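The block underneath contains the structure these notes are about, expressed in C-alpha cells.
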Amino acid sequence: MIVQPKIRGFICTTAHPEGCAAHVKEQIAYAKSQPPLVNAPKKVLVIGSSTGYGLSSRIVPAFSGGAATMGVFFEKPGAEGKTGSTGWYNSVAFEEAARAEGLYARSFNGDAFSKEIKAEVIEAISADLGQVDFVVYSLASPRRTDPDTGETYKSCLKPIGQSYTAKNLNTDKKVVEPVTLEPASLEDIVHTVKVMGGEDWELWLNALAEAGVLAPGARTVAYSYIGPSLTWPIYRDGTIGRAKSHLEDSAARLNEKFGAGSAYVSVNKAVVTQASSAIPVVPLYISLLFKDMKQRGLHEGCIEQIQRLFQDHFCSTEGPQVDEGGRIRIDDWEMRKEVQSAVGQVWDRVTTENLDELGDFAGYQAEFLKLFGFGLTGVDYSLDTEPVRDMPSMA
C-alpha cells in the first residue's frame, strides 16, 4: 500500500514504516556522532520507550554507551492494508539496528500500568540480564487503570480555580485564535494525578526491588516540564502541574527508600511530540520558541536533549547537577532570559497574518510529520510499502 499522512487535529492516523525507520536511524546516527558515554549504565529499562523522549532514552545509552536495553510500550502492529502505530515501527527499527551492532534489545508491548506486564518484564530481566542499573520512566498516556482497584482514570488539560483564555494555534487551519478552557473539577485533578503523577513510577521501582532485579546503586529518572509563565495556567498551575508535583514527591519518596541520588526528575525542553501537540497554547509557543532558538544556535530535539542529559549529568564525574528543587534542568537553554524575553515580545504581537514571519510553523509542521515517519530524506513515499513489520526474533 502507498501510505500518506492523514491528520485529524493533533494526531496523524497513519505511520510510514520506512519513514519511521529513517527517523530512528537519524537519531542513532546523532548518538554515535557524539563522544562515547563514559561510566554509562549498562543495563537499562525504559518504560514508555517507543516515541519522543522515551525512544531517545533507549537510543542514547545503547548507541552512545553500549548498553543492553529493555523497552516497554503500548503500540499497535500493522495489519494487511492498515498501518501500525508510529511507536511500533520505531521499536522494530530500533531493535533491528541494535541487533545489527550486537547490542541486546528486547521489547514488551502491553499495558505498562498492569501487574502482568511488570511481572513479564521482571521475569525477563532475571533471565536475561540479572539486574538493571538504570530505569527511565517516560510514559505519556491519557488514561490509566489502577492495577489494584480496576478503576480507570482519565487525565485532562485544564486550569485550576478559574477559566483561562489565551492565544492558541489551530494547527489544522494555521490560525491564531483565542481558546478558553474551563476550570478543572476536583475529580479532574484527582484523575490527572493518578494518570500522570508518579504513582506508577513508584510501583515499578518497588516491584523491581522486591524481585531482586534492581542493581545496588541503580538510578532512575522521570521526565517533566515547567516552561515559561505564559503557559503556566494550562501547564504548571493546571491539572498537569499537579501531576508533575506528585512526580517530584515520588522522586523524594524513592530517594528516601533507595538512598539519596537514586531518583531524579529531569525537566526537559519543549519539543514537538504527540503529547505536547495536544496541549492548548503549547504549539504556538513552540513555533515561536523554535524560531528564536534556531537563530541562536540553541535548538535541540529529543535526541540532543537526552544525549546531553546522559553526557552532562548521569555520566559526568560530578554526577547530576540539580536546581533548588532537586530537579535536573536540561531545559536550561530554553529558559535563558534572552530567549524567554524574545519569545514573550513576539507572543504579544503574533497573529495569523504574521505567524510565518515571527514563528517557525513550517519547522513545527515538519517535526510533527517526522513523528509519523513523513518528510524524511531518502524515503520514496510514492512507492508501495508493507505495513506488517515484525519485531526481530530473540534468536
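The values are calculated or read from the model by the stated rules, or taken from the named source; none is laboratory data. A quick note: this is a predicted structure, and the numbers were derived from the prediction, not measured. Note: ideal-geometry Cβ built from the backbone for every residue, glycine included; neighbour counts use all protein chains shown. Ligands, DNA and RNA are excluded from the accessible area calculation, which covers all protein heavy atoms including side chains. Shrake-Rupley method; radii C 1.70, N 1.55, O 1.52, S 1.80 Å.
Restricted to the stretch 145-232, the set of strands (runs of 3 or more DSSP E) holding at least 2 residues that are in contact with a Ser or Thr (Cβ under 6 Å, 6 or more places away or on another chain) comprises 175-181, 214-224. Being under 23 Å from the mean Cα position of the chain (by Cα) and more than 25 Å from LYS257 (Cα to Cα) is a property that LEU169 has.
For the stretch 252-274, a residue qualifies if it is in a helix (DSSP H, G or I) and either open to solvent by less than 10 Å² (accessible area, probe 1.4 Å) or of a type outside the set (A, V, I, L, M, F, W, C) (or both), and the qualifying residues are ARG253, LEU254, ASN255, GLU256, LYS257.
Identification of helices (runs of 4 or more DSSP H) wholly contained in the stretch 1-118 with 1 or more residues that are out of contact with any Phe, Trp or Tyr (no Cβ under 8 Å at 6 or more places or on another chain) and surrounded by fewer than 23 Cβ atoms within 10 Å (Cβ to Cβ) yields 17-33, 86-100. Of the listed requirements (1) in contact with a Lys or Arg (Cβ under 9 Å, 6 or more places away or on another chain); (2) of a type in the set (Phe, Trp, Tyr); (3) within 27 Å of TYR164 (Cα to Cα), TYR223 misses just one: (1). Quickly run through the stretch 277-327 and pick out the residues that are within 20 Å of GLY238 (Cβ to Cβ), open to solvent by 20 Å² or more (accessible area, probe 1.4 Å) and in contact with a helix residue (DSSP H, G or I) (Cβ under 6 Å, 6 or more places away or on another chain). None - no residue of the stretch 277-327 is within 20 Å of GLY238 (Cβ to Cβ), open to solvent by 20 Å² or more (accessible area, probe 1.4 Å) and in contact with a helix residue (DSSP H, G or I) (Cβ under 6 Å, 6 or more places away or on another chain), so the list stays empty.
Given the structure, is ALA342 on the phi < 0 side of the Ramachandran plot, in contact with an Asp or Glu (Cβ under 8 Å, 6 or more places away or on another chain), small (Gly, Ala, Ser) and open to solvent by less than 30 Å² (accessible area, probe 1.4 Å)? Criteria met by ALA342. Would you confirm, using the coordinates I've provided, whether LYS174 is farther than 30 Å from PHE314 by Cα, in contact with a strand residue (DSSP E or B) (Cβ under 6 Å, 6 or more places away or on another chain), surrounded by fewer than 19 Cβ atoms within 10 Å (Cβ to Cβ) and of a type outside the set (Ser, Thr, Tyr)? Against the criterion (farther than 30 Å from PHE314 by Cα, in contact with a strand residue (DSSP E or B) (Cβ under 6 Å, 6 or more places away or on another chain), surrounded by fewer than 19 Cβ atoms within 10 Å (Cβ to Cβ) and of a type outside the set (Ser, Thr, Tyr)), LYS174 does not qualify.
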